[in-house]
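Undergrad: My structure is below; once you've seen it, I'll send some questions.
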């Protein structure tokens, strides 16, 4: 399995509040990450192109423009597998909103505008570049824009 992954941000000092890691992933047709475990993390995935099947729970298939929130809670094992045309996925790993909550997976179809992540410390806006929230952003050739609004509060572990 070949997955091209570019880690965009991975602050180890808590400087981005709840954000632990941001990755831009590209998967070829039928490729996946391999079955793997998550625990005490919330993963927000925005499918930028192609499609992706989430191999856990109801096996949701996400299309370009969909946003999914995976809350690992006390733990789960899963995989994500690209469709026939491959997939490009932006994945943000966040400190969990509730680490003891049961695992869950919620899909927001054709996400547009501010998406409610069910947590006060992180918000995400998704949409075409022509409608970016500040009205100033333009992307050559169109495309999708993902904007994060994060709390500036540092986690307790970062105060040492």
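Undergrad: Which of the residues that make up the stretch 74-101 are within 24 Å of residue 32 (Cα to Cα) and free of Cβ contacts under 8 Å to residues at least 40 places away in the same chain?
TA: 74, 75, 76
Undergrad: Restricting the search to the stretch 9-33, which residues are in a strand (DSSP E or B) and more than 23 Å from residue 115 (Cβ to Cβ)?
TA: The one that is in a strand (DSSP E or B) and more than 23 Å from residue 115 (Cβ to Cβ): 32.
Undergrad: Just checking: which of the strands (runs of 3 or more DSSP E) contained wholly in the stretch 34-99 hold 2 or more residues that are closer than 16 Å to residue 118 by Cα?
TA: 42-55, 67-71, 76-94
Okay, residues lined up against (1) at pLDDT 95 or above; (2) buried (at least 19 other Cβ atoms within 10 Å of the Cβ):
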position	(1), (2)
55	no, no
63	yes, no
87	yes, yes
99	no, no
102	no, no
114	yes, no
119	no, no
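Undergrad: Return the residues of the stretch 5-35 that are within 16 Å of the chain's Cα centre (by Cα) and under 19 Å from residue 53 (Cβ atoms); say none if nothing qualifies.
TA: Across the stretch 5-35, the qualifying residues are 5, 23, 25, 26, 27, 32, 33.
Undergrad: Among (1) in a strand (DSSP E or B); (2) closer than 25 Å to residue 73 by Cβ, there is one condition residue 4 misses while meeting the rest; what is its number?
TA: (2)
Undergrad: Only one of these is under 13 Å from the mean Cα position of the chain (by Cα), without any contact (Cβ under 8 Å) to a residue 60 or more places away in the chain, on the phi < 0 side of the Ramachandran plot and surrounded by fewer than 17 Cβ atoms within 10 Å (Cβ to Cβ): 47, 106, 69. Name it.
TA: 106
Undergrad: For residue 19, only one of the following conditions fails: (1) surrounded by 17 or more Cβ atoms within 10 Å (Cβ to Cβ); (2) under 16 Å from residue 5 (Cα atoms); (3) touching a residue at least 60 places away in the same chain (Cβ under 8 Å). What is its number?
TA: For residue 19, the failing item is (2).
The values are calculated or read from the model by the stated rules, or taken from the named source; none is laboratory data. These figures come from a predicted structure and were not determined experimentally. Quick reminder, even Gly has a Cβ in these numbers, built from the backbone with ideal geometry, and neighbours come from all protein chains shown.
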